[in-house]
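Since the structure comes first, as structure tokens, the remarks are kept for the end.
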Amino acid sequence: MRPLASLGYRKGLDGLRGVAVLSVMVYHSGVTRGGFLGVDVFFALSGFLITSLLLEEHAATGSVDIRSFYVRRALRLLPALLVFLVFWSGYLLVNVPPPLLPLVGCYVLAVLFYVANWAGIHGMLLGIFGQTWSLAIEEQFYLIWPVVLGLLVRKVGRPARIAAILIIAAAASLVWRLYLALAGASGDRIYFGTDTHADGLLIGAALAVMLAGGQLGRVREAGTPVRVMAALAAIALAGLLVAAPTRGYAYGVSALAVLATAGLIFDVMTRGSGIARWLEAGWLAGLGRISYGLYLWHFAVFTYFGTLRRPGEAVAPLLLSLIAWGITFAAALLSYFLVERRFLAWKARLARKRPMMPQVGPESGLEPALAVPAVTILSAPQS
């Protein structure tokens, strides 16, 4: 099997991340109905990138240094989150009545320990920390996925079978979500649950496995059909992000967004992609680079200025919305340049210590189909 080339940094993936965060922010301004699906775009990207990096390390060394993986995740995610929590918990401590101070502490702990989604399911109104439910789901995925993927590689071996297992698991998450909806479960249980919102992460991971195993090699070389597929995926995702109804989530609309996202990710990995060139626009890729800060800060800032809206609600006054957006961007830029980049440099130094040459053979625990390609997908400082 022919190894995949080292893919390196793909600016188009930053652009796709920019589309995701912009969709969420526009949704929270009450302008679109489907922008909530931007979170599912994030999930698909995360599943793809993290799985690709883990497979690369496993192919190079025969194992994954889980401790180093967790350290790199912490360096990427925790510093900006801590700054965010210190600022807004300080604001709450000054402004809420004393009897509510213990509740502030519960909020902070739920966010800090990445269980905000389950806290929301069990009745905790997260308020200005409301967006952190998705960070919790991603971190829970990061916690178990290196171990699960290692087991799949050792016990299952062939990438086609691993991808099939992941797709079946994604389908099971969708079926379970539908069952809970028909059984009368609350909207929070259906939307915030790790088990009911796993389809994006799993489909992104399945795409990474198929690419690393060379399963999509012939498709990559198909030329025009791939470009047509990418154009259809882009149109579908744009339509969903603008107009998908929130109530459609229980019935699997997120899976459509994730599949369209997977098509765009695959297209970005294809040489000469027209869609990738659009996604590589400087302003869009720039949004992707600061997307973590934008996602962290926008919900709290919009809430503070009273511009947070849901579909169907009257849009906030334009001047007030512009102020809220401007402050969100200022906070995200400060977060990126003063906090995130410093720790990303440490993370990069840790990553450079990992062996990169593929190791194939009985000692690796990999069948050749999965061991040969050492895929380097470093889509951004975000990964």
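Every number here is computed from the coordinates shown, using simple stated rules; none is lab data. Computed from a prediction, not measured in an experiment: that's the story for all the values here. Note: ideal-geometry Cβ built from the backbone for every residue, glycine included; neighbour counts use all protein chains shown.
Here are a few things to note about the model shown:
- Cβ-to-Cβ counts within 10 Å put Trp88, Trp118 in ascending order as Trp118, Trp88, the fewest first.
- Measuring nothing but how far apart in sequence close Cα pairs (under 8 Å, 6+ apart) lie, relative to its length, the range 135-260 scores a relative contact order of 30 percent.
- Computed label-point distance, nm, for sites Lys155 and Arg349 using a 7 Å Cα→Cβ extension: 3.9 nm
- Rh by Kirkwood over Cα pairs, then Stokes-Einstein D for the range 1-131 at 1.002 mPa s and 20 °C, µm²/s: 120 µm²/s
- Cα gyration tensor shape of the range 63-181, rounded if a/c is under 1.5, else prolate or oblate by comparing a/b with b/c: oblate
- Taking amide H atoms as placed 1.01 Å from N in the peptide plane, the amide H of Arg309 lies under 5 Å from those of Ser29, Gly30, each 5 or more residues away in sequence or on another chain.
- Against the chain, whose longest principal axis comes from its Cα atoms, helix 11-27 is set at around 30 degrees.
- FRET E, pair Asp65, Ala314, Förster distance 41 Å, beta-carbon r, rounded to 0.05: 0.20
- Projected label distance in nm at Asp195 and Leu178, using a 7 Å step from Cα toward the beta-carbon: 1.8 nm
- The charge dipole of the chain, taken about its Cα centre with unit charges on the Cβ of Lys, Arg, Asp and Glu (plus for the first two, minus for the last two), comes to roughly 680 debye.
- With a simple spin-label model that places each label point 7 Å from the Cα along the Cα-to-Cβ direction, the separation between Ala171 and Leu109 comes to 4.2 nm.
- Extension gain, Val148-Leu78: 0.36 nm per intervening residue step, less the Cα-Cα distance, totals 22.9 nm.
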